Amino acid sequence: MGSAAELAAAALMMLGFPALMLAALVPSIPAFAAAAAVTYLADHYLHRKGSYLVNRLSKVRAGLSIRFLIRQLLLILLLARLGFANDLISYGAIACFIAFYGLQAPHGALSTLIRNRRRMPVATRNIDLASRIRIPDAPPRLLLHRSAEKMLHLDLAAVAGILVSAAVESAVAGFVGIGITVGVGCLYVAALVPYVRGRKTPPNAEKVLAAVDDWLRAYRPETVLYFSGSKDSVYQVNMWLETMEQLDSRPLIILRERVILAGLAPTTVPVICVPGGVHLMNLDLTDVRVALYAANVGKNIHLLRVPTMKHVFIGHGDSDKLASVNPFSKVYDEVWTAGRAGRDRYAIADVGVRDDDIVEVGRPQLAPIRTRQGVPHGRVPTVLYAPTWEGWDGNPGNTSIVLAGERIVRTLVRADPPVRVLYKPHPFTGTVSKEAGAAHARITALVEKAAAERAADARFTVDTAAQTAARAELARVEARLAELIGTAAGGNGNGGAGGNGYGRGDEAEATRDGLVDLARHEEAARLRTEWNEVYWRSFPGHEHRVISGAEPRLYDCFNVSDAMVSDISSVVSDFIASGKPYAVTDSAELGVEEFKRQNTAVRAATILSNDAGGLGELLDAVRDPAADPLAEARGDLKRYLLGPDEPASIVQFNTAVANLAGKADTRNLGQESRAAAGTEPATVPAPRLAAAGDDVTA
């Protein structure tokens with residue numbers, strides 16, 4: 001259950017049906033009416049909340065329709081126990097429920113057909129398809145939103161009327177209710193019919209794909225960012241959106257899953273979501289010269305098969321994890337790394353990626369990270385604890401959160417002189433390991449308790465007026481962002497800074513109306529920056545805080561922190577760009593020397609043991625730059641991991657794109673020249689068969 005209210009509603013629903021049966025057997029009309037009301041209301045509440053219990057009931061033959069049918073059958077039993085078995089109202093009730101369930105089939109079929117027809121073979125954003133094909137408005141939300149639940153609840157009129165008839169011993173109310181239920185049910189079905197035929201249906205797949213190809217021929221994309229993954233991996237493509245917007249060549253984003261499109265951050269780059277592999281392979285991508293891949297996934301093969309473009313693995317972070325030297329990477333024409341460290345990592349791993357195919361391009365995403373400025377006099381230093389998640393393999397060295405997390409946070413909140421703690425866990429934390437999820441819950445409680453204690457500590461003063469003004473400003477910014485982006489603000493006071501509205505409403509309409517409004521987009525970008533600045537002013541600078549959700553972003557947390565504690569992940573490599581002190585936990589207990597030997601990014605870090613030993617050294621470096629022996633080493637490591645500061649990373653990235661596009665053009669021209677000259681491919685000699693006496697074991 002998601003909450004105590006959901007648990008209470010589930011308990012009431014589960015108890016309500018036995019109570020209905022008991023009321024029918026007694027028989028008692030008031031008791032039956034009360035129990036029926038409880039089951040209706042509890043069921044509706046759980047559906048509105050998307051409760052896990054309701055979703056699982058259908059797996060045990062107790063789905064939505066069955067629950068309504070049981071309630072109706074118990075009403076027939078109640079009538080029989082009251083002596084109405086042979087009365088007209090009883091026959092009317094039976095006929096009503098049979099007819100009512102007869103309407104469920106066409107209603108369900110029509111609803112499903114409408115949804116399927118409005119699901120586009122190719123969904124787009126920032127692409128003008130409306131000028132090429134006609135996409136009609138979606139049916140009114142009233143008709144399709146939770147349509148099965150709405151249809152079934154039409155029996156309320158019949159149930160209420162029949163109960164009134166039984167109570168007053170007159171069939172009038174019952175037949176009025178029956179008429180309403182059956183009549184409105186017929187009208188509901190009739191209202192859906194126009195949306196499965198004629199001008200209210202979107203064009204078929206062939207026309208949509210032809211329109212997309214027509215747009216592609218006009219736009220002529222040159223560089224594609226390709227991505228496939230689960231809903232939780234959308235951050236991996238989001239981190240590249242700003243880079244794509246800054247390309248010198250014409251960019252295009254190709255996605256493979258609708259859930260990724262729904263979670264995609266706002267962007268001005270054209271986006272095509274192509275769930276079907278056949279549809280993707282038939283798209284006209286003849287002008288694309290460079291394809292960028294942010295993840296190694298099976299569906300990459302659908303684009304990798306195209307020889308006219310060059311394929312590049314850019315990844316979604318730079319770290320010493322095994323994922324950074326995946327042997328699959330050798331299928332790409334090039335692998336781009338941030339700095340020399342990535343090149344050396346592949347050489348050491350010896351997984352088949354040639355050194356000539358590696359290009360160092362820096363990390364364009366790190367541009368917003370501010371470098372170390374020191375802690376202003378009078379301000380409490382801030383330490384960010386940003387552990388990574390537990391991973392799929394259960395390796396204890398993946399994360400510090402299970403073995404060391406509580407000790408780290410407890411040591412930090414008790415530090416003297418005091419520091420402020422920001423706790424920002426990885427979004428996947430607890431998805432695989434129950435122990436990690438439980439540790440996260442305990443750490444969250446620890447931070448919140450420490451924050452409450454600090455709020456009551458007389459040593460820490462609060463400028464109430466300034467915070468009140470900041471919160472008012474935050475509310476104003478969130479309200480405007482919600483208006484611009486189409487999402488409601490909420491959750492930790494930061495919901496207004498994220499979201500995109502892509503996942504809301506009808507897919508066909510979203511494709512038709514998905515053209516970005518540049519003025520609104522620029523205003524939203526400015527407001528997100530403003531939101532971030534106001535957010536940090538909306539609470540005291542000494543207040544411990546749990547940072548969850550997409551906002552504030554990790555880099556925003558970097559910028560307000562004076563040091564960080566983390567694990568082996570790209571988070572560490574990114575934080576190094578700030579030049580600030582950092583610590584990494586040796587959760588697998590390899591020992592300091594071996595830990596540094598295996599993990600490049602920790603060579604300028606304070607190494608922590610699972611008992612949080614070593615935190616004192618980190619805090620000393622934060623408070624006094626003269627007590628920071630690793631400062632010079634961090635500078636050298638930054639250049640090794642992330643490349644030089646000049647030229648800017650986006651310049652390096654654009655140069656790499658242009659160079660590779662040139663190689664693609666050279667290859668394609670060569671193929672065209674050979675085809676024009678009628679050159680046949682060289683004959684490959686047939687393999688010699690082994691003969692008697694050959695040494696086949698050599």
Proxy reagent accessibility, fewest Cβ within 10 Å first, across 336, 536: 536, 336
Rank these for me by crowding, 461, 268, 429, going from fewest to most other beta carbons within 10 Å. 461, 268, 429
Just subtract the alpha-carbon distance of residue 8 and residue 141 from 0.36 nm times their residue separation and send over the number in nm, one decimal. 44.9 nm
Quick check: the angle from helix 155-168's long axis to the longest principal axis of the chain, C-alpha only, nearest 10 degrees? 30
Quick P(r) readout (region 588-687; Cα-Cα; 10 Å bins; whole %) gives 12, 22, 19, 14, 13, 11, 8, 1
If you place +1 on the Cβ of every Lys and Arg and -1 on the Cβ of every Asp and Glu, how big does the dipole about the Cα centre of region 4-200 come out, in debye to the nearest 20? 1280
What 222 nm value per residue comes from the helices of the chain, counting each DSSP H run with n ≥ 4 as -39,500 (n - 2.57) and dividing by all residues, nearest 500 deg cm²/dmol? -15500 deg cm²/dmol
Using alpha carbon centroids, what distance separates region 323-395 and region 207-238, in Å? 26
Share of Cα-Cα pairs in region 4-200 beyond 23 Å, whole percent, is 52
Against the longest alpha carbon principal axis of the chain, how many degrees, from 0 to 90 and to the nearest 10, is the axis of helix 631-642 turned? 70
0 to 90° range, to nearest 10: angle between helix 434-455 axis and the chain longest Cα axis: 80
Viscosity 1.002 mPa s, temperature 20 °C: what is the translational diffusion coefficient of region 145-289 from Stokes-Einstein with a Kirkwood Rh over Cα pairs, rounded to a whole number of µm²/s? 109
Equivalent ellipsoid semi-axes, region 220-366, via Cα gyration tensor eigenvalues times 5, rooted, Å: 24, 17, 15
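Given the alpha-carbon gyration tensor of the chain, what are the semi-axes of its equivalent ellipsoid in whole angstrom, ordered largest first, with each equal to the square root of 5 times an eigenvalue?
Values: eigenvalues 562, 301, 126 Å².
Semi-axis lengths for the chain are 53, 39, 25 Å.
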Using Cα-Cα distances under 8 Å and only pairs 6 or more residues apart, what relative contact order does the chain have, in percent? 14
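Rule-based calculations on the coordinates, nothing more; no lab input. Keep in mind the model is a prediction, meaning the values are calculated, not measured. Neighbour counts are summed over all protein chains in view; Cβ atoms, including those assigned to glycine, are modelled from backbone coordinates with ideal geometry.
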